[in-house]
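The values are calculated or read from the model by the stated rules, or taken from the named source; none is laboratory data. Predicted model, so just to flag it, every value in this text is computed and none were measured. No Cβ is skipped: glycine too gets one built from the backbone with ideal geometry, and neighbour counts run over all protein chains shown.
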Amino acid sequence: MENNGQPNKKSKWTIASSLMARRTYNPIRAVVDGMKLEPNPEKELISLSIGDPTVFGNLGPSQEMKDAVKKALDSGKSNGYAPSVGYEAGRAAVAKRFSLPDLPLDSKDVVFACGCSEALEMAILVMANPGQNVLIPKPGFSLYWTICTAYNVDTKYYRLLPERSWEVDLEHLESLIDENTNSIVITNPSNPCGSVYSKEHLLDICEVARRHRLPIIADEVYANMVFSNTKFYSVASLADEIPVLTCGGLAKRFLCPGWRMGWVLMQSRTGAFHEEVRKGLFNLSTRILGPCTLIQAALPAIFDNTQPEFYSHAMEVFEENAKLAYKTLHEVDGLTPVMPQGAMYLMCGLDSEYFRDIKDDQDFVEKLMCEESVFCLPAKVFEYPNFFRIVLSVPPEKVKIACQRIKEFCIRHKKNL
Ligand SMILES: Cc1ncc(COP(=O)(O)O)c(C=O)c1O
């Protein structure tokens, strides 16, 4: 073929994906897409796998939230671009909501993002350079690893301890720190564990960060989502001199993950974040230009008008389901559920020694799906094999049926000891 009289170097079209795209990998998709997942046609499918509280239709945004978005749409004032960090009024509303008595926030301390996912990406990338490492929990939300790996930032997993309600193994955490460590990610309350850390434990984690002068990235997308008799403490409320980038959003507490509203809060009592990180976050915000302006515009009314019963109702559902699932699974030989204290998940240990023909968590999940049409997530996707995670936002009657089916499945596959 000729091109201006010059022969083309390539004889056919070959478009390679970039190295970054090839490095970008979400373990959840990779594991789930590779699984043999044919439900039993004779049983209704119950999926306990997706961390989306709206999928079963029993939970969703409040009327006040929907009205706020409708109003934003009808006003005709939110159809254009917002400032890349977000509308001033919405950021001021977030600042007001998350201000602490000794750590007040201003709208300039808030940067909007497309969901907590983008908030996490910004928080990690505003500080970490390629070759540095970020400490992340295991088991943990896989996105931390996905973001870091795509940008050549290393990760090191610190251990969580199931026998201590998934507290951080502090010695292990500290042993991982080296001169290239950039920051520590803490997920509280946790996906996938449903753990909620006590004030004392968070202070212990902060002490490790303080000793090594490491900033904390606090993933608090489940902030305040705790069961009865449990109190939520934000990392920033206990961090003293440690700079904290807190990531949050509407997705879980406001039951609207599809609205993609998230934020990063710059919380520092020493001014350690001043100008450098603030400017860096501003720079990063100019890549995507913020979440949907209708939701941004609705945010002040969403905060002001949502009633306490809205939050408490969802938490009652999650807690009832947690108790129900824990009770049933606890009775089953070979299973060790860990009772959560918040968020919307329960992790259950699996001892394959008790079973005739179950190799590991993935095998368990596949066979359970084929025989019982119940789908759970193998904790392999959270770097924690031999556990599986169930979601607690499903209607309680379905959790009951699903756990009963898990129990019968386990009995059927039990090894004759
Ligand atoms: C711990 C954790 N952080 C962040 C996110 C992402 O939230 P968003 O849907 O707002 O992007 C999730 C979603 O499941 C999560 O579980």
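Any chance you could count how many residues in the range 224-272 are among the small types (Gly, Ala, Ser), more than 10 Å from the ligand (Cβ to nearest atom) and within 23 Å of ALA128 (Cβ to Cβ)?
Result for the range 224-272: 6.
Kindly provide the set of residues from the range 203-227 that are surrounded by fewer than 23 Cβ atoms within 10 Å (Cβ to Cβ), out of contact with any Gly (no Cβ under 7 Å at 6 or more places or on another chain) and not polar (S, T, N, Q), ordered by number.
LEU203, ASP204, CYS206, GLU207, VAL208, ARG210, ARG211, HIS212, ARG213, LEU214, PRO215 - these are the residues of the range 203-227 that are surrounded by fewer than 23 Cβ atoms within 10 Å (Cβ to Cβ), out of contact with any Gly (no Cβ under 7 Å at 6 or more places or on another chain) and not polar (S, T, N, Q).
For the range 145-167, enumerate the residues that are in contact (Cβ under 8 Å) with a residue 40 or more places away in the chain, surrounded by 15 or more Cβ atoms within 10 Å (Cβ to Cβ) and not in a helix (DSSP H, G or I).
Answer for the range 145-167, where residues must be in contact (Cβ under 8 Å) with a residue 40 or more places away in the chain, surrounded by 15 or more Cβ atoms within 10 Å (Cβ to Cβ) and not in a helix (DSSP H, G or I): TYR151, TYR157, SER165, TRP166.
Hey, can you tell me all the residues within the range 142-154 that are in contact with a strand residue (DSSP E or B) (Cβ under 6 Å, 6 or more places away or on another chain) and within 15 Å of the ligand (Cβ to nearest atom)?
TYR144, TRP145, CYS148
Check whether at least one residue in the range 59-79 is within 16 Å of the ligand (Cβ to nearest atom), out of contact with any helix residue (DSSP H, G or I) (no Cβ under 7 Å at 6 or more places or on another chain) and either β-branched (Val, Ile, Thr) or not in a loop (DSSP other than H, G, I, E, B) (or both), and report yes or no. Walk me through it before giving the result.
Step one: of the range 59-79, the residues within 16 Å of the ligand (Cβ to nearest atom) are 59-61, 65.
Retained after the next criterion (residues that are out of contact with any helix residue (DSSP H, G or I) (no Cβ under 7 Å at 6 or more places or on another chain)): 60-61.
Then drop every residue that is not either β-branched (Val, Ile, Thr) or not in a loop (DSSP other than H, G, I, E, B) (or both), which leaves none.
Scanning the range 59-79 turns up no residue that is within 16 Å of the ligand (Cβ to nearest atom), out of contact with any helix residue (DSSP H, G or I) (no Cβ under 7 Å at 6 or more places or on another chain) and either β-branched (Val, Ile, Thr) or not in a loop (DSSP other than H, G, I, E, B) (or both).
Determine, yes or no, whether SER62 is modelled with pLDDT of 95 or more, under 23 Å from ALA113 (Cα atoms), under 24 Å from the mean Cα position of the chain (by Cα) and of a type in the set (S, T, N, Q).
When the stated conditions are applied, SER62 passes them.
Only residues that are more than 16 Å from the ligand (Cβ to nearest atom) and touching a residue at least 40 places away in the same chain (Cβ under 8 Å): list them for the range 98-123, please.
Going through the range 98-123, the residues more than 16 Å from the ligand (Cβ to nearest atom) turn out to be 99-109.
Of everything in the range 98-123, those that are more than 16 Å from the ligand (Cβ to nearest atom) and touching a residue at least 40 places away in the same chain (Cβ under 8 Å) turn out to be LEU100, ASP102, LEU103, LEU105, LYS108, ASP109.
Residues that are in contact with a Phe, Trp or Tyr (Cβ under 8 Å, 6 or more places away or on another chain) and not small (Gly, Ala, Ser): which helices (runs of 4 or more DSSP H) entirely in the range 168-246 hold 1 or more of them?
Helices (runs of 4 or more DSSP H) meeting the threshold: 170-175, 199-211.
When residues of the range 372-389 are filtered for being in contact with a helix residue (DSSP H, G or I) (Cβ under 6 Å, 6 or more places away or on another chain) and within 16 Å of LEU45 (Cα to Cα), how many remain?
The qualifying residues number 4.
Out of the residues in the range 376-394 that are buried (at least 23 other Cβ atoms within 10 Å of the Cβ) and more than 17 Å from PRO340 (Cα to Cα), which is modelled with the lowest pLDDT?
That would be VAL381.
From the list ASP102, ASP74, which residue is surrounded by fewer than 18 Cβ atoms within 10 Å (Cβ to Cβ) and closer than 20 Å to PRO215 by Cβ?
Step by step, each of ASP102, ASP74 is checked, and only ASP102 is surrounded by fewer than 18 Cβ atoms within 10 Å (Cβ to Cβ) and closer than 20 Å to PRO215 by Cβ.
Write out, first by first residue and then by second, each pair whose Cβ atoms fall under 8 Å of each other, whose residues are 6+ apart or on separate chains, and whose first residue, in the range 357-377, is among the small types (Gly, Ala, Ser) while the second is not in a loop (DSSP other than H, G, I, E, B).
SER373/ILE46; SER373/ARG405
Go through (1) over 30 Å from GLU241 (Cα atoms); (2) buried (at least 24 other Cβ atoms within 10 Å of the Cβ) one by one and return the number of the condition GLN362 breaks.
The one condition GLN362 does not meet is (2).
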